[in-house]
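Since every read-out is calculated from the coordinates, none of them should be taken as a lab result. It should be emphasised that the depicted structure is a prediction, and the values quoted were computed from it without experimental measurement. As a convention, Cβ positions derive from the backbone with ideal geometry for all residues, glycine included, and neighbour counts pool all protein chains shown.
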Amino acid sequence: MAKYRKTNQKFVHIKEVLDGILKAEKQRIGDPLTRISSVWNNAVGDIVGSDAEPAALKGGTLLVHVSCSVWMHHLRFAKREILMRLNNSLGEDLIDEIRLKVGAL
């Protein structure tokens, strides 16, 4: 008699599977943006971290998406402090500049 393997009764969207795989691989190879994301809330605090997150890193410039223009205005004045805290948390001067953009979190 043929054996059947147990199937998972819950379907999972392929996006969730691929996101999990990509996240694990980026952590494994030490992706700079993943490193920044891992220290982000410690550097900026939980309140700011819930309305702003790192989106991209290119040539030392960190692009941060914020939830609204009010947060963008507020963080514009705190960029120098955030930059210093992030680089201290990372243990190296990985970020030279922070650019803010209203975007999806």
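Remarks
- Cα principal axis extents for the chain, largest first, Å: 70, 30, 22
- Estimated [θ] at 222 nm from DSSP helical runs (n ≥ 4, -39500 (n - 2.57)) normalised by residues in the chain, nearest 500: -16000 deg cm²/dmol
- Computed from point charges on the beta carbon alone (+1 for Lys and Arg, -1 for Asp and Glu), the dipole magnitude for the chain about its Cα centre is near 620 Debye.
- For the pair residue 80 and residue 10, a Förster radius of 41 Å applied to the C-beta separation gives a FRET efficiency near 0.30, rounded to the nearest 0.05.
- Peptides ranked, highest mean first, by Cβ atoms within 10 Å: ranges 65-73, 89-97: 65-73, 89-97
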